[in-house]
1. Yes or no: segment 61-69 includes at least one residue that is modelled with pLDDT under 95 and outside any helix (DSSP H, G or I).
2. Before we move on, is residue 113 buried (at least 17 other Cβ atoms within 10 Å of the Cβ), at pLDDT below 85 and in a helix (DSSP H, G or I)?
3. Can you tell me which condition residue 11 does not meet? The list is (1) in contact with a helix residue (DSSP H, G or I) (Cβ under 8 Å, 6 or more places away or on another chain); (2) at pLDDT below 80; (3) of a type outside the set (Ser, Thr, Tyr); (4) closer than 17 Å to residue 111 by Cα, and all the others hold.
4. Here's a check for you: in segment 79-90, which residue that is touching a helix residue (DSSP H, G or I) at 6+ places or on another chain (Cβ under 8 Å) and at pLDDT below 90 is surrounded by the fewest Cβ atoms within 10 Å (Cβ to Cβ)?
5. Considering segment 57-80 alone, what residues qualify as being free of Cβ contacts under 8 Å to residues at least 40 places away in the same chain and touching a Phe, Trp or Tyr at 6+ places or on another chain (Cβ under 9 Å)?
6. Looking at (1) outside any loop (DSSP other than H, G, I, E, B); (2) surrounded by fewer than 20 Cβ atoms within 10 Å (Cβ to Cβ), which is the only condition residue 73 fails?
7. If we scan segment 120-132, do we find a residue that is under 25 Å from residue 70 (Cα atoms), of a type outside the set (Gly, Ala, Ser) and modelled with pLDDT of 90 or more?
Amino acid sequence: MGILDTLLGLIKSQATKNAAPSADAPTGSSSNLLDSVIDLISDPQTGGLSGLVEKIAAGGLGDQVASWVGTGENLPISAEQLQAVLGSPFVQGLAEKFGINTADVAGSLSSLLPQVIDKLTPDGEVPGDNKLLEIGLAGLKSILGSKTA
């Protein structure tokens, strides 16, 4: 998965450059959380993107995650719902790692995770690793294309 990791890193770095920082967020916290989301999605131990989608659905949030994967509007998820599905130890660990409180981490993840899953599933289904690579390459081409225009 080395190529996928490299590609996700390139896309992540471009996304963090384009992201507008929140006025109350500590410097670098949104890029750190994006790092954590990408690590979660690309971690083979968690089952990657499909494993994360299955975990969220199994946690009673099937409608929400189906909307993120689907091509329609994304349903919201609350910070509390996300923390319950991912686990308080996971959210607490991120909070300690980045020096911010758990409510802020859960809140940021609850808005970031649906967007990331939505962008990685443009055809309305969870792609396999090869398809995920193709999506990443297409995104990279569009980023590079806009820089040369």
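1. No, the conditions are met nowhere in segment 61-69.
2. Taking the combined requirement at face value, the residue does not satisfy it.
3. It is condition (4) that residue 11 fails.
4. Per the stated criteria, the residue is 88.
5. Within segment 57-80, 75, 77 meet the criteria.
6. Residue 73 satisfies every listed condition except (1).
7. No, there is no match, as no residue in segment 120-132 is under 25 Å from residue 70 (Cα atoms), of a type outside the set (Gly, Ala, Ser) and modelled with pLDDT of 90 or more.
The values are calculated or read from the model by the stated rules, or taken from the named source; none is laboratory data. Everything numeric here is computed off the predicted structure, so don't read it as measured data. Neighbour counts run over all protein chains shown; Cβ positions are idealised from the backbone, glycine included.
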